[in-house]
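Asker: The structure is given below, and queries will be raised subsequently.
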Amino acid sequence: TEEVAKRLSELGNATPAISVEGFELDTDWRRGRGVFKSVLEAWDRLRKYGVPFGASITATRMNHDTLMKDEFWQFLEEQQVVYAWVFQYMPVGMNASMDLVPTPQQRYERFFKTDQVRLGGKFAFVADFWNHGFLTHGCLAAGAKYFHVNAKGYVEPCVFQQYAVDSIREKSLLEILKSPFFESYKRMVPYSNNLFRPCPIIDNPKVYRAMVKHFNAIPQHDGSERVVEDLAPEIDKLAEEWKVYADKLWYEHGYVNRYPVNRGIYNYETRMRRYMNREEALAVDKTLK
């Protein structure tokens with residue numbers, strides 16, 4: 001609304017990323033009739049008040065061709081979109097289905113397009129989470145660089161890993177970040193020697209299922225169990241098929257030589273040691289000035 005845009009401008013410390021799935025046909029098909037028009041109106045208000053904003057794009061099997069077009073990215077640029085998040089559709093939630101999950105071939109093709117746009121200088125950044133694991137050194141979840149607190153107060157490794165052990169109503173965030181559940185995740189990151197296979201849900205599904213089982217994690221939403229139970233065979237098949245493409249990117253395109261894999265860099269003890277070393281280095285640096 002006009003009031004919200006004005007308030008964001010006054011605050012100066014927030015930037016909204018608004019969901020758009022392509023052009024009008026793609027967006028309204030997934031988000032509902034008239035949503036695309038509402039998005040354009042919202043962007044117009046944000047521009048009016050000088051609020052920087054981004055686009056949040058869900059890559060699905062259905063809108064893949066649109067995301068591959070230069071016209072779509074030119075459209076975002078013309079709309080003065082500052083940044084773009086690209087989220088691969090995940091089979092989670094009620095009535096979760098594999099029907100909208102991009103094929104491995106589509107995911108492979110999308111990597112080249114989003115990386116071209118990322119390096120093109122037209123946007124502050126473009127992040128294709130499942131394809132940019134080499135930039136984040138694997139999965140961000142479980143407090144490596146990110147976690148998710150749901151509406152009930154339970155802390156999930158990420159918004160798509162809808163299982164939890166602890167709640168902020170019972171423990172502090174620091175306690176949860178240092179918990180065996182989260183620390184086990186962080187000690188294993190990255191879950192593969194190939195950083196194009198970062199995700200424990202669709203790239204290394206046995207990791208996700210093992211964590212849920214070992215820590216007796218509690219499903220948080222209707223349908224959470226389907227990902228680790230009913231859909232497991234299909235997800236395993238998807239992971240195996242993607243591995244072929246991921247290995248091609250990792251080895252044949254030379255990423256293996258540019259992005260060394262190191263485990264255990266995100267767990268609490270290692271981080272504290274790194275911070276202490278940095279503080280000591282800063283202290284020495286100050287004495288030399």
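Asker: Answer yes or no: is there a residue in the range 116-124 that is more than 21 Å from ALA59 (Cβ to Cβ) and surrounded by 24 or more Cβ atoms within 10 Å (Cβ to Cβ).
Answerer: So far as the range 116-124 goes, no, none of its residues is more than 21 Å from ALA59 (Cβ to Cβ) and surrounded by 24 or more Cβ atoms within 10 Å (Cβ to Cβ).
Asker: Restricting attention to the range 221-237, which residues are among the charged types (D, E, K, R) and either surrounded by fewer than 14 Cβ atoms within 10 Å (Cβ to Cβ) or over 18 Å from TYR108 (Cα atoms) (or both)?
Answerer: ASP222, GLU225, ARG226, GLU229, ASP230, GLU234, LYS237
Asker: What residue, of GLU240, GLU252, is surrounded by fewer than 12 Cβ atoms within 10 Å (Cβ to Cβ), without any contact (Cβ under 8 Å) to a residue 12 or more places away in the chain, within 19 Å of THR103 (Cβ to Cβ) and charged (D, E, K, R)?
Answerer: GLU240
Asker: Of all residues in the range 117-133, how many are more than 10 Å from LEU195 (Cα to Cα), touching a residue at least 40 places away in the same chain (Cβ under 8 Å) and in contact with an Asp or Glu (Cβ under 8 Å, 6 or more places away or on another chain)?
Answerer: So the count comes out to 3.
Asker: Since TRP73 meets every condition but one in (1) surrounded by 19 or more Cβ atoms within 10 Å (Cβ to Cβ); (2) over 28 Å from ALA246 (Cα atoms); (3) touching a residue at least 24 places away in the same chain (Cβ under 8 Å), which condition does it not meet?
Answerer: Going through the list (1) surrounded by 19 or more Cβ atoms within 10 Å (Cβ to Cβ); (2) over 28 Å from ALA246 (Cα atoms); (3) touching a residue at least 24 places away in the same chain (Cβ under 8 Å), TRP73 breaks only (2).
Asker: May I pose another question? In the range 12-70, what residues are surrounded by 15 or more Cβ atoms within 10 Å (Cβ to Cβ), assigned to a helix (DSSP H, G or I) and in contact (Cβ under 8 Å) with a residue 40 or more places away in the chain?
Answerer: ASP26, ARG45, LEU46, HIS64, THR66, LEU67
Asker: Something else about it: Determine which single condition ILE218 fails, assuming it passes every other condition in (1) at pLDDT 95 or above; (2) crowded, with 21+ Cβ neighbours inside 10 Å.
Answerer: (2)
Asker: Next question, about the same structure. What residue, among those in the range 80-94 that are assigned to a loop (DSSP other than H, G, I, E, B) and touching an Asp or Glu at 6+ places or on another chain (Cβ under 9 Å), is nearest to SER224 (Cα to Cα)?
Answerer: Top of the filtered list is GLY93.
Asker: For residues that are among the acidic types (Asp, Glu) and either surrounded by fewer than 15 Cβ atoms within 10 Å (Cβ to Cβ) or within 22 Å of LEU135 (Cα to Cα) (or both), scanning just the range 150-192, find the one that is nearest to the chain's Cα centre (by Cα).
Answerer: Selected residue: GLU183.
Asker: Go through THR136, THR103, THR114 for me and flag whichever is under 21 Å from ASN193 (Cα atoms) and of a type in the set (Ser, Thr, Tyr).
Answerer: THR136
The values are calculated or read from the model by the stated rules, or taken from the named source; none is laboratory data. None of the values given here were measured: they were computed from a predicted structure. Positions of Cβ are generated from backbone atoms using ideal geometry, with glycine treated the same way; all protein chains shown enter the neighbour counts.
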